Each structure stands twice: as C-alpha cells, then as structure tokens.
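See structure below.
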Amino acid sequence: MTDCTLTIAPGSLPGTPSWPWPTPGLSFGGDYSPEQWSEEVVREDLALMREAGVTLVTLGVFSWVVYEPREGTFDFGWLDRMLDLLHENGIRVDLATPTAAVPMWLHRLHPEILPQDGLGHPLAPGGRLGWCPSSPVYREYALRVVEQLAAHVAGHPAVAMWHVSNEFGGGNARCHCPVSAAHFRHWVQAKYGDIAAVSAVWGMAFWGNNYSSFEEIVTPGGSTAHNPGHLLDFERFSSEALFDHYQAEKLVLRRLTPEIPVTTNFMVGFGPDVVDYARWAPAMDILANDHYTYGPDPLRHEDIAFAGDRMRGLTGGAPWMLMENAAGAASWHSTNLAKKPGELIRSAIGHLARGSDSVMYFQWRASRSGTEQFHSAMLPHAGRDSRIFHDICRLGGHLDRLAEVRSSRVVGARVAFLHDNEAGWALRSGLKPINDPDYATTGRALHTALFDRRVTVDVVPAWADVSGYRLLIVPGLFLASDDTASAVTAFAEAGGTVLITWFSGIVDETNSVRIGGFPGAFRELLGAHSEEFYPLLGEERVALDNGWTAQRWSELVRVDGAAATAGGTASGDIGGDASGVEVVASYADGDVSGFPAVTRRTLPGGGVAWYLSADLEPASLDEFVGRLLAETGIEPTASASAGVEAVRRASATGSYLFLINHAGVEGWADATGVDLLTGTSHVGRVPLAAGAVAVIRE
Ligand code: GLA
C-alpha cells in the first residue's frame, strides 16, 4: 500500500479541463444496471433511451461479481455485449470500476476487510462499501479487478470516461478496525515525527492523557470524549485514506487507458462533506457531483444553486458534471416526496445554469427489487406512459437545443464565499458553545439572501485566488489557518470588501483556540473583537438598535482601543475609535445590550472589513446584504420578478441567460434574445409562466 498523504497540495486547482468531454453536446442519461434485467427489457431500454435522447450512461457501478463470479475467474462477456449494444445505439459509456460493492465470496474469504465503527462492530456484508480503506487485502483484490477490466475494454469506442468506485466514504468513511488504527498511528507519526509534539498539538495535557509512545494512539471511537485536535486529525486521515485508494485505482486506469478521463462522483452539498472534496479535486480529470434534494425543504432550488456554486469553486470556474440526481422521490427519508409538477425540468436547468454540462440521474430504470426499489428513475415502474418519462423526454429535447451552451462558463460573480471542509470538521470535533453546530447555517443564510437578489456567488476553497472579486464573505469559517487569515487581510488591504461572520477564525489548524479575543484570525483586520459568546435559546431573540433582530447567537464585542466598559452602557461609551472602525449597529437588549453587534472598518487603502457578530434573522440579513451590495456596487444578473432565478453563462461565441421561475405565479425577467428552448424572440422582457424556464441567447 502506498503512504496515505494527499499528493496534491492545496492551492492547485484544475482550471480549464484539457480532457475531452464524453459527449459532443450536453451529456444526458444516468446509472444503468442492465444486469438486473432480461434481454427483452434491455432491448426496450435502448429504444426508450433513443426516444428520450440519452447520450451517456454510467455502467457497471456494482458489477464486480458479474466480472469475477468466483475468485480469480474473470468473464467480461456481459460487458462486451452491453458496450457493443450501447455503441450501436449511439450512447457513450461512463464505465465504473466495480469496487464499491464487494462480492460475497470475498467477504467469506476475508471477513477482516469489513470496516468497523467506533465501537469495533464490523459492517455486515451484503450492502455496499463494505471495505476498509486501509485494508491491503481489499486493495489487492480491488486493483486486480480494475486491472483486468481496464485491460479488457481498452480501445473500445463506447468507453468515454472512468467512474472510480462510487461515492467514496458513503458508508465506510471512518473505519476503526485494527488495520485502520495501525495506519492512523503511522499517519500521525509521519505528520508530527515526535510523540511529545502530538501530545502538545492535541492538548493531551488537559485530562492528563499525554502519550509516551505512538503505540498508545487510538482512533477516536468508543464511548469517551476525545480531544478536538485528535478528532480533526482523524477526519483528515480518513479522507486521505480513501483518497489514496482513489489514486491507486486511477494509476491503473491511466496506465492501461491513458486517453480516457478519470473521475469519481462527489457528494458536494453545504458541507462538511464526508471527504475533503476541495483537496481531492485536482486529482479529477472531470469533476462530477451527485446531488439529491430533500423533498420537504422549501429551498430545494437554492440547495441546487449552492452545490453548483461550490462545484465551480472546485473546477476553477470550468464546467462540471452532474453525475446523479433524482427524477422524482428518493427513498431514504421518512416520507419521500415526489417532485412537484415541472420540478424535474427546473432542477435540471438549475444545475446547468450553475455550470454543469450534463444532467444525469440515478438511475435509468427503477429497480423491481433491491434496497432502493422505490427510488425514482428516468423510467419509473409505471413505464413509458408516465409524467416522469414524459418530462425526461421533454428535457432530452431541451438539452439537444442547448448543445451550444456546452463548455461556456458562468460569468459575472463578484462575490466569493470561502468554504473549507476542515472548518466544518473542526466545528463538530469536541464540545462547543452550542452543541448542535452546523457549519452550513451561516453560509446557507447568506447564500439565500444573495440568491434571492439574483447575485451570482462563487463558493471557493479557503486558499483560492480571490483577487478578482469585489466582496469576500467568510461565513462561519470556524477554523482559519494563518495563510487564510493573511489572504483575507491582503484582499481588504488591496481595496476589497470583506465580511467576517460570527464564529469564524476561532481556531487554528490544530483545532486550538486563537487567544486574545475572537475572531482571533481576523481580529487585527477588524479592529474589533469579542470576548464572550452569548448564544440564545430556542425562541429567544435579541434586538439591535437599528431595528434588526438576531436569533441563536450574540457576542460581547468591543472595538479595539475603546474603553472596556461593563455591559449595559450606552453604545457611545464603547463604539468607534480612531482606527477607522464604525459601529453600524449595537445590541439594544439582552445581556450584551449597548455593545457593538455589527462593525465596519475602513482601511487606509479604501478596503472595508465588516464584522457581523450576530446571527441575523432573514429579513434583517436581507437588509444587511442589500447594504453590502449597494456599497460595493454589485448588481443582480438581471432584473426580474420575485422568485425568478437568473444566471448567465458565456463563451467566446455566445451569452446565455438562464431563467427559472420558482414562484407559483407568472413572472418576468428583463432580457433580449432568443429562447433556445422554444425559439421565441424576446425584446426587453421575457414573460415567465409560473414554474417556467427559459434560456435566452442574448
Ligand atoms: C447515491 C448512489 C446511488 C444511489 C443513489 C440514490 O447517489 O451513488 O448508487 O444509491 O444515491 O439513493
């Protein structure tokens, strides 16, 4: 086994992909599992795929046992036939390595490859991802089947890309088996060198748990409280162990089929994600995401937008691939809501608007049996004569008409959001002032406020180059490295506007608190600091003196250099000083009444650094965002009626305005051009029926 260290340094992003896109136009299709069906059904599948306009399918995700029915006996007859059939029907193949699901014979031969939870219980065989990321035994078997598969299909014209395994970490992300524990010890030793350093960095002195040998280090499982630094390092290790497996498979594929791009399907959402996608991204030839909405969430469309904005942050702005989404209901929620009428199309256009060059589903045909027998599909159990299949065919037509959009880029983002998975992991590692912390909360609220105003945002890794943006938002970035702190400061010093929100910059990379006043990483930049957190209970609200209200969170903030007056005094005593800090709003009631809630510092070079110490309620946050946009001169992508999403993609040859009316009433957007979906020309204003979509070539 190779050493598990991320081989790609943070800082490098893939930029423009040099790999050929798998299909000539936008890719359309889904996971295809013909091994579950008869010849007759497969023949019908191909006819219906042609009818719908399918151009790409993901094949063989769980087919290890089909290729290797018994240990060491390989048979690719089924695959050959499927590849030929798909090729004859003009459908390209995103071929999976089948290593996500371990054959039962392998579980029987090597039960020790099952991952174990924190109490030492192994996962049961019979599902998927039943493998320990650190297991050399599993690795050997997995690489052997990948090698056989790649050698066998090399040169087949249908194979357009590789899909390594499936959703890394979706079941085996944190393994506590003895092999993983030994691997973790080795990882810690390689990282810190010396056992005293580990004790110091993890703060083991706190309960007198200092180590005397690396042999004493355990994976942080079981029923005790582990230190925040220890927990965070285990998250990093676990992500890297899985990444190492991805790299090992990729190496085999690259050697045998050097011309075929390799990827795996991410599960990028609000974060923190199960593995650290931003640090994995440079190793993907094409970046792909699986995205499922949650039926009862009224902001499902905004969820799609956030994930897309994050995907662009990972590609450096280049197009990415929507590898899976659902045509209707999922089946893992307590009640699985079907999509609303028209939502299938709106969701698809929403992903495309944010930079996807594909719309792919799990899965092509709904399975009769198996765990996910009630998960929706492009072709539902009801068959061809169904609302879903009708919408799928309509969507296929749309994608055909949108072919020229492929490889254009989303343009016009003047706002960058810093996002770091490690900040989310650090937040959930150890006890905190509020112990149901959600890294996504602040980010999502701010993103929603900007979404509602049709302002395009790029959600970028903490180390991305942000010099091209006007407004940099640091939302709840609990962990900030020294490099991040310096980069954010440099951005403001160069004239940019920065917003730091509550509970950002609290700890360093070791998950240790930065002392001397919160947020330690940004205190100097802000010219203000908070000395104590005042979380609010459930329904509790606190008023600000400008009419805004806050929920969940408030802080005792002081402007640096101002008198350290006790709380409850007038804001005049404690607000504003000579360093360019203005108190924009103060708390007007509660335990921190009179202390600053929102500060704004003007830097000598004209840059501005805001501190938002309170979790503002939506209406207040919206006003605050309005002020930020007005000050920075950031305009919406288009004028439109409430509830209309507007995003622009452009290439050297065209500019495309994507419009989606999420409101239940008729709306409009100001634009001039031809709607590629209908061929209708519009001058000045595009009418949008309730729930309608349009893509205007401007
Ligand atoms: C994930 C997996 C698929 C399937 C779908 C739907 O995205 O990759 O195999 O399980 O979810 O649940």
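The values are calculated or read from the model by the stated rules, or taken from the named source; none is laboratory data. Just so we're clear, the structure is a prediction, and the values are computed from it rather than from any experiment. Cβ coordinates were reconstructed from backbone atoms using ideal geometry, including for glycine residues, and neighbour counts include every protein chain displayed. Remember, those area values only see protein heavy atoms, side chains included, never the ligands or the DNA or RNA. Shrake-Rupley method; radii C 1.70, N 1.55, O 1.52, S 1.80 Å.
Observations on the model:
- Exclusive hit being β-branched (V, I, T) and surrounded by 14 or more Cβ atoms within 10 Å (Cβ to Cβ), set T653, T632: T632
- Meeting the requirement of 2 or more residues that are of a type in the set (D, E) and closer than 29 Å to Y656 by Cβ, the helices (runs of 4 or more DSSP H) wholly within the range 374-488 are 387-401.
- Leading residue by the ranking (nearest to the ligand (Cβ to nearest atom)) among those in the range 264-276 that are closer than 17 Å to S165 by Cβ and surrounded by fewer than 24 Cβ atoms within 10 Å (Cβ to Cβ): M267
- When A142, A101 are checked against the criterion of being within 16 Å of the ligand (Cβ to nearest atom), touching a residue at least 24 places away in the same chain (Cβ under 8 Å) and open to solvent by less than 60 Å² (accessible area, probe 1.4 Å), A101 stands alone in meeting it.
- Residue count, the range 335-376 (criterion: on the phi > 0 side of the Ramachandran plot and touching a Leu at 6+ places or on another chain (Cβ under 8 Å)): 0
- Where A283 falls short, out of the listed (1) over 30 Å from R428 (Cα atoms); (2) in contact with a helix residue (DSSP H, G or I) (Cβ under 8 Å, 6 or more places away or on another chain): (1)
- Of the numbered criteria (1) touching a residue at least 24 places away in the same chain (Cβ under 8 Å); (2) more than 16 Å from the ligand (Cβ to nearest atom); (3) over 30 Å from F237 (Cβ atoms), the one R279 fails is (3).
- Scanning the range 352-367 for residues that are within 16 Å of the ligand (Cβ to nearest atom), over 17 Å from P22 (Cβ atoms) and assigned to a loop (DSSP other than H, G, I, E, B) yields a count of 4.
- Identity of the residue in the range 490-529, touching a residue at least 60 places away in the same chain (Cβ under 8 Å) and in a helix (DSSP H, G or I), that ends up farthest from V559 (Cα to Cα): F491
- Extreme residue, modelled with the lowest pLDDT, among residues of the range 202-222 that are small (G, A, S) and farther than 16 Å from R428 by Cα: G222
- The residues on offer are L123, L149, L114, and the sole one that is open to solvent by less than 10 Å² (accessible area, probe 1.4 Å) and in contact with a strand residue (DSSP E or B) (Cβ under 9 Å, 6 or more places away or on another chain) is L149.
- Subset of the range 27-55 (residues that are buried (at least 18 other Cβ atoms within 10 Å of the Cβ) and within 16 Å of the ligand (Cβ to nearest atom)): G29, G30, D31, Y32, S33, P34
- Per the listing T602, T672, T678, the residue uniquely among the hydroxyl-bearing types (S, T, Y), open to solvent by 50 Å² or more (accessible area, probe 1.4 Å), free of Cβ contacts under 8 Å to residues at least 24 places away in the same chain and over 30 Å from P519 (Cβ atoms) is T678.
- Those residues of the range 52-67 which are touching a helix residue (DSSP H, G or I) at 6+ places or on another chain (Cβ under 9 Å), among the hydrophobic types (A, V, I, L, M, F, W, C) and within 16 Å of N166 (Cβ to Cβ), in sequence order: V57, L59, F62, W64, V65, V66
- Test: residue in the range 284-298 that is surrounded by fewer than 22 Cβ atoms within 10 Å (Cβ to Cβ), of a type outside the set (D, E) and closer than 20 Å to A241 by Cα: no
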